[in-house]
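Values quoted throughout were computed directly from the atomic coordinates according to the rules given, and no laboratory measurement underlies them. Note that the structure is predicted; figures quoted are calculated from it, not measured. Here Cβ is always computed from backbone atoms with ideal geometry, including for glycine, and neighbour counts include all displayed protein chains.
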C-alpha cells in the first residue's frame, strides 16, 4: 500500500496567523489589517508551482498587503508558520515503513519553506521514503495531475493508495482520481484512522 501524507497540519502543525503576527510587528501594520488583506491568491499558487521566484513572491505579497518589509524580514515572518511536529504521526509513518509499506509526503510548498523545515524537523524526511514537492513538480494540489504523477512514479494504481490532507479541496482532488482520502480535521484524525484499522 502507498500512504501519501500532506505536510502542513498533518505531520507538522502550521499557523498562518503567526506569519501575519511577525509581519505586523516588523512592518508596524495592525494585525487585523493584515488578516483582512491576506489571501492565497494566484501569485501564492504560482509560487507553490515554482513559477515565480521567492523574491518576486515577497514583492507581490508585500504590495498586496501594503507592507514595507525587506526580503529578510518577509522571510522571517514566512518561516514563523511552522509550529512543531506531530510525533504520533511520525511514529505511525515509521511503523508503516517498518511493516514494508511505502510512505511518501506530497506537499504544496515553496523554496523559502524548503530551505527551512528540513533542517528544523529532520525526523520528517527520515520518516518518508520520498518527498514530493509542488514547486519541484510544477503543479499543486488539488490539480488531479499531481496525484496521477505520484501514482505513476510510485508504480501503483489509485486503489492501492491512501491520502491524508487537511484541505478539503485537496481531498476532493485526490478522490477524483480514485484515491481513498482522509480529511485531517484535528491532530487526532490520523492516529484514530490507524487505531480503527488495527
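For this structure, a couple of remarks:
- Of all DSSP-defined beta bridges confined to the chain, some 15% are antiparallel rather than parallel.
- Helical content alone sets the calculated 222 nm signal of the chain at -14500 deg cm²/dmol, taking -39,500 (n - 2.57) per DSSP H segment of four or more residues and averaging over every residue.
- Counting 0.36 nm for each residue step from residue 71 to residue 152 and taking away their Cα separation leaves a gain of 25.4 nm.
- Between helix 144-154 and the chain there is an angle of about 50 degrees, using the helix long axis and the longest principal axis of the Cα atoms.
- Here's the picture: a label point sits 7 Å out from the Cα of residue 55 along the beta-carbon direction, and within region 82-117 the residues with their amide nitrogen under 20 Å of it are 110-116.
- Against the main long axis of the alpha-carbon atoms of the chain, helix 16-27 sits at an angle near 20°.
- Axis angle, to the nearest 10 degrees, between helix 87-98 and the longest C-alpha principal axis of the chain: 40 degrees.
- The distance between label points at residue 95 and residue 114 comes to 3.1 nm (points 7 Å beyond Cα on the Cα→Cβ vector).
- Theoretical FRET efficiency, 1/(1+(r/R0)^6), r = Cβ-Cβ of residue 159 and residue 125, R0 35 Å, to 0.05: 0.80
- Counting neighbouring Cβ atoms within 10 Å and putting the fewest first, the residues 92, 112 line up as 112, 92.
- Among 12-18, 159-165, sorting by the average number of other beta carbon atoms lying within 10 angstrom of each residue, highest first, gives 159-165, 12-18.
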